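Below is one structure, written out as structure tokens; the observations come after it.
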């Protein structure tokens, strides 16, 4: 179990990036079983391209991307309005002062 399983709330601007060892459809899929809140899911491939998005509802067995992904970002569903398939995202490390 990982992600927001057994979690009842999501703070403003909060989210998780789940990282897989390699790209895949099944390996980057998520389950919403035992998740009590809606999530916006953004799947990103190894090149940083958004390959799919989903508004995930609680207690659904699974969501998988339409194309292979290496990253699954779980965030507030309202963030999906700002991200489109084909966009490119870059992950940057932040120090504790940011």
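Please work out which residue is surrounded by the fewest Cβ atoms within 10 Å (Cβ to Cβ), limiting yourself to segment 47-57 and to residues that are in contact with a strand residue (DSSP E or B) (Cβ under 7 Å, 6 or more places away or on another chain) and farther than 13 Å from residue 85 by Cα. This residue is 55.
Results for (1) exposed (fewer than 15 other Cβ atoms within 10 Å of the Cβ); (2) in contact with a strand residue (DSSP E or B) (Cβ under 7 Å, 6 or more places away or on another chain); (3) in contact (Cβ under 8 Å) with a residue 40 or more places away in the chain; (4) not in a loop (DSSP other than H, G, I, E, B), shown as yes or no for each residue.
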residue: 59; (1), (2), (3), (4): yes, no, no, no
residue: 71; (1), (2), (3), (4): no, yes, yes, yes
residue: 80; (1), (2), (3), (4): no, yes, yes, yes
residue: 84; (1), (2), (3), (4): yes, yes, no, no
residue: 92; (1), (2), (3), (4): yes, no, no, no
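For segment 27-57, the set of residues classified as in a strand (DSSP E or B) and under 16 Å from residue 16 (Cα atoms) consists of 30, 39, 40, 41, 42, 43, 44, 50, 53, 54, 55, 56, listed by residue number.
Applying the selection to segment 33-46, what residues are surrounded by fewer than 22 Cβ atoms within 10 Å (Cβ to Cβ) and out of contact with any helix residue (DSSP H, G or I) (no Cβ under 8 Å at 6 or more places or on another chain)? Talk me through it step by step, then tell me what you get.
First, the residues of segment 33-46 that are surrounded by fewer than 22 Cβ atoms within 10 Å (Cβ to Cβ): 33-34, 36-38, 40, 45-46.
Residues satisfying the conditions are 33, 34, 36, 37, 45, 46.
State all residues of segment 1-32 that are surrounded by 11 or more Cβ atoms within 10 Å (Cβ to Cβ) and free of Cβ contacts under 8 Å to residues at least 24 places away in the same chain; if no residue qualifies, say none. Result: 27, single match.
Rule-based calculations on the coordinates, nothing more; no lab input. The structure presented is a predicted model; accordingly, all values stated were derived computationally and were not measured. A quick note on method: Cβ atoms are made from the backbone with ideal geometry, for glycine too, and the neighbour counts reach across all protein chains shown.
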